Structures are given as structure tokens and as C-alpha cells.
Amino acid sequence: MSDAPNVQALQSRGEALVHEAEREAKRLQTSEAAHACKAKYLGKKGLLADVMKQLSALPPEERKSVGKVANTIKEQLEGIFDAALKRLEQEALDKSLETSGVDVTRPARERWLGTLHPLTRTTFRIIEVFQSLGFVIADGPEIEHDFYNFEALNFPKDHPARDMQDTFFASPDVLLRTHTSPVQIRTMLDRKPPVRIICPGKVYRCDADITHSPMFHQVEGLWVDQRVSMADLKGVLRAFAERLFGRHTKVRLRPSYFPFVEPGAEVDVTCVLCGGKGCRVCKQTGWLEILGAGMVHPNVLTAVGYNPEEVRGFAFGMGVERIAMLLHGVDDIRLFFDNDIRFLRQFQ
Ligand code: PHE
């Protein structure tokens with residue numbers, strides 16, 4: 001009688017292996033032990049391999065059916081250990097959840113990143129252009145004395161031009177600044193010429209509708225030196241408009257009146273929407289008014305102790321909200337202050 005095992009013998013030996021493996025797998029405590037146990041059964045020198053080695057002793061006609069049986073056993077064994085490993089992983093996770101309270105498998109919570117407010121961004125863009133032209137930032141208080149906001153800017157008491165400024169008064173002499181021009185006065189009182197500054201900041205006027213807000217933002221500029229002319233003013237403003245609104249933007253000055261400049265002008269740029277052809281935004285004119293400007297009035301230079309025979313200067317001032325509305329096609333100023341996240345997120 002040959003001692004080579006027949007198919008039945010292999011089958012029962014294999015079933016016994018599976019049985020044993022099942023029992024052992026149930027008792028496994030760690031995934032390391034599970035891997036080791038799997039190797040004991042399925043490894044190159046494992047128990048199944050032992051059995052398979054005896055295959056070589058089989059007559060060729062029996063090999064096929066024995067191979068089939070052996071494969072089934074191998075698959076069963078693999079299934080047992082894969083299940084054991086899964087169970088151990090789950091147990092480890094449950095345990096860490098119990099102790100740490102952190103479920104590392106949960107989808108991460110979405111993180112919202114904050115961004116700068118569109119008005120802050122627009123202010124920064126404006127500042128950047130003027131800084132590149134050599135202007136430095138100057139700062140001042142929002143609660144002002146009548147002297148800096150009006151008197152020194154050539155608005156005498158009871159001057160009708162004060163009407164333009166819809167002022168919030170705290171007392172007859174103290175008010176919320178209506179423009180950032182008082183910063184120019186403070187700076188000139190503080191420093192000798194040459195002065196080349198921009199003054200960004202909040203200003204206040206008693207006015208509210210879709211294009212006016214009682215609190216809004218301005219950037220004003222001032223350049224005082226021995227030989228500063230209206231041509232310099234126009235050159236600076238043109239460089240500014242081209243940088244902010246695009247290379248093909250044109251600038252025009254129209255005569256206007258502000259007590260602190262002479263001559264004074266309103267400054268228009270070609271419409272950002274239609275490029276000058278005429279549309280709804282520019283009311284078919286092709287132009288948009290974006291700022292006020294002019295040559296500093298001799299009375300203002302005198303008020304700060306400068307000699308109007310020796311120095312001259314130009315000044316300009318613009319509303320940040322208006323620029324932001326034009327740049328982004330916003331048609332209601334109040335949207336900037338509602339702080340509706342759906343509006344703000346569009347500027348990310
Ligand atoms: N200060 C003016 C205003 O707020 C703007 C301006 C500044 C106009 C400088 C001319 C020159 O209305």
C-alpha cells in the first residue's frame with residue numbers, strides 16, 4: 001500500500017486545518033499575533049504547505065482534483081485570517097474611540113478660511129499704487145476739531161461750502177471728520193515740505209441711500225514741493241487710473257469747486273464697463289466721476305505755516321466704496337455693510 005495520501009485524506013486533513021485555524025483565530029488578541037498565525041498556516045513553511053508538499057507524490061491523474069481541494073482550503077484559511085484582522089482593527093478603533101473620544105475615520109469638518117473685506121482689499125490696492133509712486137501713509141483721528149476739518153481747509157465758519165459735507169457734530173467745535181483732509185493739515189503742521197502722503201480712513205456724513213452710507217472710506221493724497229503743478233497732478237492720476245482700472249483707461253478733469261483747492265476739479269475716468277462707448281453704468285456718457293482734486297489753496301498753505309510763494313501742492317480725494325462698486329459691479333453700497341456671508345464670499 002502506497003503511503004501517498006489520496007484526495008479524501010487530503011480533504012479531511014484540510015478540513016481539520018480549517019477547523020483548528022477557526023478556533024485559534026477566535027482567540028487572537030492583536031493584529032501582530034494574527035499575522036503570525038496566518039503565516040503559521042499559510043506561510044512558505046506553514047501547515048498547508050506541509051500538506052501540499054505531499055502532492056508531488058501523487059500520480060498525475062489525481063493531481064488536478066487534489067489541487068482543487070487544496071485551493072479551496074487555502075481560500076478558507078485566508079478568509080478566516082482576513083476576518084480576524086478586520087475584527088481586531090475594529091476593536092482597536094472602538095477602544096481608541098472610548099478612550100480618546102476622537103473618531104479618526106469620520107469625514108473632516110469643513111474649514112472656512114476668512115478673507116479680507118472687499119473694502120479693505122480695494123483700499124490696499126489703491127494704497128499700493130500710490131506707494132509705488134512714492135507716497136507714504138499718514139494717519140489721524142476720526143473725531144476731529146472743527147479747525148482741522150474745516151477752518152484750516154479754508155471753510156470759514158458759516159461758509160456755505162460746509163453744507164456739502166452733512167456733518168455730524170458732537171459739540172459746536174467737535175465733529176466726526178467728513179473727509180480725511182484734516183490728516184493733511186495735521187501732517188503739514190508737523191513736517192516741513194516736501195510732503196507726499198496718502199490718507200486712508202473712515203469718514204462720516206449724515207446721508208444714506210443706495211450710493212451713500214453715513215460711514216464710508218476715503219483715500220486722499222497730498223503732494224507739496226517747490227515745483228508741483230497741475231500737470232503733475234494729472235500725470236499721477238492717470239498712472240493711478242491705468243493701474244487700477246486698466247491700461248486703456250483715460251482721465252479727464254472738469255472744473256469744480258472745493259474751498260481748499262484752486263483751481264479745483266472733478267476727475268472722470270473712461271467707463272470701466274463699456275470703455276467709453278456709453279452704457280447704463282455711465283448713463284451713456286462714457287465717463288465715470290471717481291474723485292475730486294486740485295491745487296492746494298494758498299490760504300491752506302498759510303494756515304499750516306507754509307509760504308505759498310515758495311511751495312505749491314496738489315491734493316486729491318476719492319471714496320473707496322465708489323471705486324469698489326465700479327470695480328466689482330456692486331450696485332448698492334449697503335451690501336458692503338450688511339456682512340452677509342453670501343455676498344462677502346464672492347470676493348474670496
Ligand atoms: N476732501 C474732498 C471731499 O471729501 C475731496 C477732495 C480732496 C477734493 C482733495 C479735492 C481735493 O469731498
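Since every read-out is calculated from the coordinates, none of them should be taken as a lab result. This is a predicted model, so every value here is computed, not measured. Here the Cβ is made from the backbone with ideal geometry for all residues, glycine too, and neighbour counts use every protein chain on show.
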- Paired Rg and Dmax values of the stretch 69-140, which use every Cα atom, in angstrom: 30.4, 91
- If one puts a single equal scatterer on every Cα of the stretch 7-100 and applies the Debye formula without solvent, what log₁₀ I(q)/I(0) results at q = 0.12, 0.14, 0.17 Å⁻¹? -0.44, -0.55, -0.73
- By the Cα gyration tensor axes a ≥ b ≥ c (a/c under 1.5 gives rounded; else a/b larger than b/c gives prolate, otherwise oblate), the shape of the stretch 180-251 is oblate
- Query: Which FRET efficiency, nearest 0.05, do SER229 and ARG125 yield, Cβ-Cβ r, R0 30 Å?
  - Reply: 0.65
- Under 12 Å, Cβ to Cβ, from ILE137 - net charge with Lys/Arg +1 and Asp/Glu -1: -2
- Message: Report, to one decimal in Å, the Kirkwood hydrodynamic radius for the stretch 71-212 based on all distinct Cα pairs.
- Response: 21.6 Å
- Relative to the chain, whose Cα atoms define the longest principal axis, helix 60-100 and its Cα axis are tilted in degrees, nearest 10, by 40 degrees
- Dipole moment magnitude, nearest 20 debye, the stretch 158-272 about Cα centre, only Lys, Arg, Asp, Glu C-beta charged: 640 debye
- Using θ = phi - 60° and Karplus 6.51 cos²θ - 1.76 cosθ + 1.60, couplings along the stretch 180-194 (whole Hz; Gly, Pro as x): 8, 4, x, 5, 5, 4, 4, 5, 5, 5, 8, 10, 7, x, x
- Query: If you place +1 on the Cβ of every Lys and Arg and -1 on the Cβ of every Asp and Glu, how big does the dipole about the Cα centre of the chain come out, in debye to the nearest 20?
  - Reply: 1320 debye
- In whole angstrom, the spacing between the Cα centers of the stretch 325-348 and the stretch 228-264 equals 27 Å
- Note on the structure: To the nearest 10 degrees, the tilt of helix 31-42 (Cα long axis) against the first principal axis of the alpha carbons of the chain is 40 degrees
- Item | Unsatisfied cross-links (Cα-Cα over 28 Å) in the set LYS192/LYS234; LYS202/LYS277; LYS44/LYS95; LYS38/LYS95; LYS45/LYS95; LYS40/LYS68 | LYS202/LYS277; LYS44/LYS95; LYS45/LYS95
- Task: With the Cα gyration tensor of the chain in hand, convert its eigenvalues to equivalent ellipsoid semi-axes via √(5λ) and list them largest first in whole Å.
- Result: 88, 23, 19
- Message: Which of rounded, prolate or oblate describes the stretch 166-285 when judged by the alpha-carbon gyration tensor and an a/c cut-off of 1.5?
- Response: oblate
- Query: Which cysteines does the chain leave without a neighbouring Cys Cβ under 4.7 Å?
  - Reply: CYS37, CYS199, CYS206
- Message: Is there a quick way to get the dipole size of the stretch 7-100? I mean about its Cα centre, with the Cβ of Lys and Arg at +1 and of Asp and Glu at -1; what is the value in debye to the nearest 20?
- Response: 360 debye
- Potential extension, ALA161-GLU32 segment - 0.36 nm per residue separation minus Cα distance: 37.7 nm
- Query: Roughly speaking, what is the centre-to-centre gap between the stretch 125-143 and the stretch 183-198 when only Cα atoms are used, to the nearest Å?
  - Reply: 12 Å
- Using the alpha-carbon atoms, what tilt in degrees (0 to 90, nearest 10) does helix 118-132 show relative to the longest principal axis of the chain? 60 degrees
- Query: Taking only DSSP H segments of four or more residues, each worth -39500 (n - 2.57), what value at 222 nm results for the chain once the sum is divided by all its residues, to the nearest 500 deg cm²/dmol?
  - Reply: -13500 deg cm²/dmol
- Task: Treat each spin label as a single point 7 Å out from the Cα along the C-beta direction, and report the ALA108 to ARG345 distance in nm.
- Result: 1.9 nm
- Note on the structure: Once both label points are put 7 Å beyond Cα along the C-beta direction, the ARG254-LYS192 separation in nm becomes 4.2 nm
- Extension reserve of the LEU133-ALA92 stretch, reckoned as 0.36 nm per residue once the Cα distance is removed: 8.3 nm
- Message: Test of understanding: what is the full-extension gain from PHE147 to LYS45, defined as 0.36 nm times their sequence separation minus their Cα-Cα distance?
- Response: 26.8 nm
- Item | Pairwise label distance in nanometres, ARG63 with ARG238, each label 7 Å out on the Cα-Cβ vector | 9.5 nm
